[in-house]
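Colleague: Supplied in structure tokens, the structure appears directly below.
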Amino acid sequence: MKKVFLFIAVISAFSFASCKKDHVCTCTVTYTISGFQTTSTDVKTYTASKKQDAMAHCLNSTGTSGGYTFTETCSLN
């Protein structure tokens, strides 16, 4: 009986443990100004983070500033 209880306790402890590891967010940024376009890639590493937390920071965005338009497309690897 003690072994069964210990086994259940260990399994329960693992189920409550968070799975933290390094997550890599790769973003491709496209800048457009007066018909000209340039693209760059930005790689961000979120160390010892949960996947959900890394996804919250790895976001797509689009905007306009100072006469140029940018589009950022990101994916979590």
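Bear in mind that the values in this text are calculations on the coordinates, not laboratory data. Just so it is clear, the model here is predicted, and its values are computed rather than measured. Here the Cβ positions follow ideal geometry from the backbone for every residue, glycine too, while neighbour counts run over all protein chains shown.
Colleague: Mind jotting down a quarter of the surface of the convex hull over the alpha carbons of the range 19-76, in square nanometres, one decimal?
Modeller: So the Cα hull casts an average projection of 3.9 nm².
Colleague: Could you tally the net charge around CYS74, taking each other residue with its Cβ under 15 Å from the Cβ of CYS74, Lys/Arg +1 and Asp/Glu -1?
Modeller: -1
Colleague: So, in nm, how far is label THR41 from label ASP22 when the simple model puts each one 7 Å beyond its Cα toward the Cβ?
Modeller: 1.7
Colleague: Let me ask something else about it. Name all residues of the range 40-57 having a backbone nitrogen under 20 Å from the label point set 7 Å from the Cα of VAL29 along its Cα→Cβ direction, giving them as ranges.
Modeller: 40-47, 54-57
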